[in-house]
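Trainee: Please see the structure below; I have some questions.
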Amino acid sequence: MPYARYGRKVILQGNEACAKAAVYAGCKFFAGYPITPSTEIVELMCSEMLNSGGTFIQMEDEIASACSIIGARWGGKKAMTATSGPGFTLMQEAIGFAAVTETPMVIVNVQRGGPSTGQPTKSSQQDIYQAKYGSHGDYEIIALAPASVQEMYDFTIRAFELSEKFRTPVVILADEIVGHMREKLIVYSGEKRIRAGYRHYVLSPQDDFFTGNNTLVEGQLHDSEGKRVGHLPNRSAYYVNSINRKITRHIDEIEDIETFYMADADIAIIAYGSVSRPSLKAVKTARGINVEAERRMRLLNRMIGRKIDKNPYSHLNIGLIKINTVWPFPEKRLKHLAEKCKYIFVPEMNIGKYFREIERCLKESRVISLPKLGGDIHTPDEILMAIVREVGNSE
Amino acid sequence: MRLNIRFAGAGGQGVIRSSILLAKAYGLGEDMNVTQTQSYGPEARGGACKAEVVVSDEDIDYMKIDDVDVFIAYNQTGYDKYCDDLEEKDLVVINSTLVETNNSNHYKVPATKIAEEMGNPLAVNMVMLGALTKLLPNLRYQKVIDVIKEEFDDSIVKGNIEAFDRGYSYMEEKEAMNGEPPESL
């Protein structure tokens, strides 16, 4: 991430880090309805907004939460809301409205198990498609998937930057594990200056209500003055193209992919969010990278009841591709990074969704889904054993 | 060095709080990498409750625990639930007022008794944390005290530090009696 590592070291929960980051990014309006497992964001925002001269409202539901932050943004305040699966479902209508009115907004979805009320206290990555396709109509969205508390902090700041720059809703797709985990992180003091009112990529009027201009905020397709063009096929098509292209054409600028040990890898794990962490552990174990490998060996010996001296995974040249910006899908870059890989494994805490995107993109490789349902995260051993099952043991 | 520390007990005993304090002492005081996770759900008073802390001088990739090094049991239910995962090398501290076991390798601290004698029954976790601080490697007494001072309201800091000291000195005396320091991990 492009943020300098200076500031104060603290230990916070992921949810708390998200709230702190929002304040640092200049969020001045928060509306939300507390829902497990994102409640801590709402809780902390309540006091943080009070201390930083912002506004906090506990709304009657998530529909109102999402609508009110759109209003707040047009009123000139950077705004955020936080929720989990069931609330995110209710927010979809407002997300579509924000997309068509080109309103910057940040929505934190701390994912829990679904469908419906599902598993409130357990983790999942089941909302990955909903983040992109949740509302009706053609629109593009930006979604970031943090895997650590520091990333929860950094990505929240980046979400505000991206949403202002591309004037679009940005979703932070966290999950229960990241939200409730406590880790050491670096927080910054003061307030970051994030430029608002970029004009490059946007068609709709962009003035905030309080800057002295007349502004039309229109849910129908419209022109640069906010006037309706829904009855004009050409202009309408141009508009829909425009709100999609402003994101797809700047994917180089938006995308954020980290690679680990990919230089000589012919097997790649592609992961996002918290699952990328056991994946990285699996990669390091296979490559015998740190002292932790010894511990793994001992564990393995205990599991199979006999002693193996050699690292049983040393024949695997595994690397990890960690996708931080899950949407827009970084197709071109992924193709380039994984071109030498014969096998691609995609562990996810859902029934195997994002795997389809990757399979579509990497036609040359054998793409294998490693889904896990039930609310627990993959263990490094599960990932490694699945790889060995597919690739085979060493001779 | 990597330490996988697991706390188990009942909701209301301060299990999660003590794990947070330990994570902060290691993370901020000793500048190690830490990850603290906890069971999340019906952890109302009396329900089963678990917290885990990973301490490492390397990056912590996998945030959960699959191989316990240190186990702290606050009550019998918690002990019974996780004692099967233990190996001989593991450091085990139990609240011996509430946990019964025949294993002589465990460190037994009558934490509930000590806390009740002090007239501060809520400070069971502080007694346990004190004993634990004495036993854990690369953790300085003062760093934990600093965290306690910062974490709690002024009105209860004194009582908590007192309880912490009781646990710490209990373990010190035990060690002096036995004459053998705990095996380093």
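The values are calculated or read from the model by the stated rules, or taken from the named source; none is laboratory data. None of these values were measured; they are calculated from a predicted model. Don't worry about glycine lacking a Cβ; one is built from the backbone with ideal geometry, like all the others, and counts go over all protein chains shown.
Trainee: Going through the stretch A:149-184 one residue at a time, which ones are within 14 Å of another protein chain (Cβ to nearest Cβ), within 12 Å of the chain's Cα centre (by Cα) and within 26 Å of A:His250 (Cβ to Cβ)? Steps first, please.
Mentor: Just the residues of the stretch A:149-184 that are within 14 Å of another protein chain (Cβ to nearest Cβ), to begin with: A:149-152, A:174-184.
Now restrict to residues that are within 12 Å of the chain's Cα centre (by Cα): A:151-152, A:174-175, A:178.
A:Glu151, A:Met152, A:Ala174, listed by residue number.
Trainee: Within the stretch A:113-139, track down each residue that is touching a Pro at 6+ places or on another chain (Cβ under 9 Å) and at positive phi.
Mentor: Across the stretch A:113-139, the qualifying residues are A:Ser116, A:Gly118.
Trainee: Residues B:Asp84, B:Asp69: which one is of a type in the set (Asp, Glu) and touching a residue at least 12 places away in the same chain (Cβ under 8 Å)?
Mentor: The unique qualifying residue is B:Asp69.
Trainee: Determine whether A:Ser148 is within 30 Å of B:Asp59 (Cα to Cα) and modelled with pLDDT under 95.
Mentor: When the stated conditions are applied, A:Ser148 does not pass them.
Trainee: A further question follows. Using the structure shown, decide if A:Leu144 is among the hydrophobic types (A, V, I, L, M, F, W, C) and not assigned by TED's automatic domain parsing to the domain that holds A:Glu43.
Mentor: In short, no.
Trainee: Please note which helices (runs of 4 or more DSSP H) are completely contained in the stretch A:1-115 and include at least 2 residues that are closer than 30 Å to A:Ile377 by Cα, under 19 Å from the mean Cα position of the chain (by Cα) and charged (D, E, K, R). Even if it seems obvious, please write down each step before you answer.
Mentor: Numbers: elements: A:14-24, A:39-51, A:62-74, A:85-101.
Result: A:14-24.
Trainee: Return only the number of the condition from (1) more than 14 Å from chain B (Cβ to nearest Cβ); (2) closer than 21 Å to A:Leu144 by Cα; (3) in contact (Cβ under 8 Å) with a residue 40 or more places away in the chain that A:Gly76 does not satisfy.
Mentor: A:Gly76 satisfies all of (1) more than 14 Å from chain B (Cβ to nearest Cβ); (2) closer than 21 Å to A:Leu144 by Cα; (3) in contact (Cβ under 8 Å) with a residue 40 or more places away in the chain except (2).
Trainee: Could you list, in sequence order, all residues of the stretch B:26-66 that are touching a residue at least 40 places away in the same chain (Cβ under 8 Å), of a type in the set (Gly, Ala, Ser) and farther than 20 Å from B:Ile94 by Cα?
Mentor: Answer for the stretch B:26-66, where residues must be touching a residue at least 40 places away in the same chain (Cβ under 8 Å), of a type in the set (Gly, Ala, Ser) and farther than 20 Å from B:Ile94 by Cα: B:Gly29, B:Ser56.
Trainee: What number of residues within the stretch A:354-395 are at negative phi and either part of a loop (DSSP other than H, G, I, E, B) or within 14 Å of chain B (Cβ to nearest Cβ) (or both)? Reasoning before the result, please.
Mentor: The initial filter retains those residues of the stretch A:354-395 that are at negative phi, namely A:354-373, A:376-391, A:393-395.
Keeping just the survivors that are either part of a loop (DSSP other than H, G, I, E, B) or within 14 Å of chain B (Cβ to nearest Cβ) (or both) gives A:362-365, A:372-373, A:376-385, A:393-395.
Qualifying residue count, the stretch A:354-395: 19.
Trainee: Specify which of the listed residues (B:Met63, B:Met32) is over 23 Å from A:His378 (Cα atoms) and over 15 Å from the mean Cα position of the chain (by Cα).
Mentor: From the options B:Met63, B:Met32, the qualifying one is B:Met32.
Trainee: Quick test for you: out of B:Lys158, B:Lys113, B:Lys108, pick the one residue that is among the basic types (Lys, Arg), without any contact (Cβ under 8 Å) to a residue 24 or more places away in the chain and outside any helix (DSSP H, G or I).
Mentor: Only one candidate passes the filter, namely B:Lys108.
Trainee: Moving on to the next point. For the stretch B:43-60, enumerate the residues that are within 13 Å of chain A (Cβ to nearest Cβ), in contact with a strand residue (DSSP E or B) (Cβ under 8 Å, 6 or more places away or on another chain) and aliphatic (A, V, I, L, M).
Mentor: Of everything in the stretch B:43-60, those that are within 13 Å of chain A (Cβ to nearest Cβ), in contact with a strand residue (DSSP E or B) (Cβ under 8 Å, 6 or more places away or on another chain) and aliphatic (A, V, I, L, M) turn out to be B:Ala51, B:Val53, B:Val54, B:Val55, B:Ile60.
Trainee: Can you tell which of B:Tyr82, B:Tyr26, B:Tyr40 is closer than 27 Å to A:Pro380 by Cβ, within 14 Å of chain A (Cβ to nearest Cβ), part of a helix (DSSP H, G or I) and of a type in the set (Phe, Trp, Tyr)?
Mentor: Exactly one residue qualifies, and that residue is B:Tyr26.
Trainee: Same structure, new question: If I filter the stretch B:61-76 down to residues being touching a strand residue (DSSP E or B) at 6+ places or on another chain (Cβ under 7 Å) and within 7 Å of chain A (Cβ to nearest Cβ), which single residue comes out as surrounded by the fewest Cβ atoms within 10 Å (Cβ to Cβ)?
Mentor: The residue in question is B:Asp67.
Trainee: Out of B:Tyr62, B:Tyr26, which single residue is within 22 Å of A:Arg277 (Cβ to Cβ) and either in contact with a Pro (Cβ under 6 Å, 6 or more places away or on another chain) or polar (S, T, N, Q) (or both)?
Mentor: Just one listed residue meets the conditions, B:Tyr62.
Trainee: Follow-up. If we scan the stretch A:155-170, do we find a residue that is touching a strand residue (DSSP E or B) at 6+ places or on another chain (Cβ under 8 Å), in the same structural domain as A:Lys20 (by TED's automatic domain parsing) and assigned to a loop (DSSP other than H, G, I, E, B)?
Mentor: yes
Trainee: When you scan the stretch A:276-295, do you find a residue that is modelled with pLDDT of 85 or more, more than 12 Å from chain B (Cβ to nearest Cβ) and crowded, with 19+ Cβ neighbours inside 10 Å, even just one?
Mentor: For the stretch A:276-295, residues modelled with pLDDT of 85 or more, more than 12 Å from chain B (Cβ to nearest Cβ) and crowded, with 19+ Cβ neighbours inside 10 Å: present.
Trainee: Determine whether A:Arg245 is closer than 30 Å to A:Lys20 by Cβ and of a type in the set (Lys, Arg).
Mentor: Numbers: closer than 30 Å to A:Lys20 by Cβ: no; of a type in the set (Lys, Arg): yes.
Spelling it out, it is not the case that A:Arg245 is closer than 30 Å to A:Lys20 by Cβ and of a type in the set (Lys, Arg).
Trainee: Criterion first (under 27 Å from A:His200 (Cβ atoms) and surrounded by fewer than 24 Cβ atoms within 10 Å (Cβ to Cβ)) does A:Tyr129 satisfy it?
Mentor: So A:Tyr129 fails the test.
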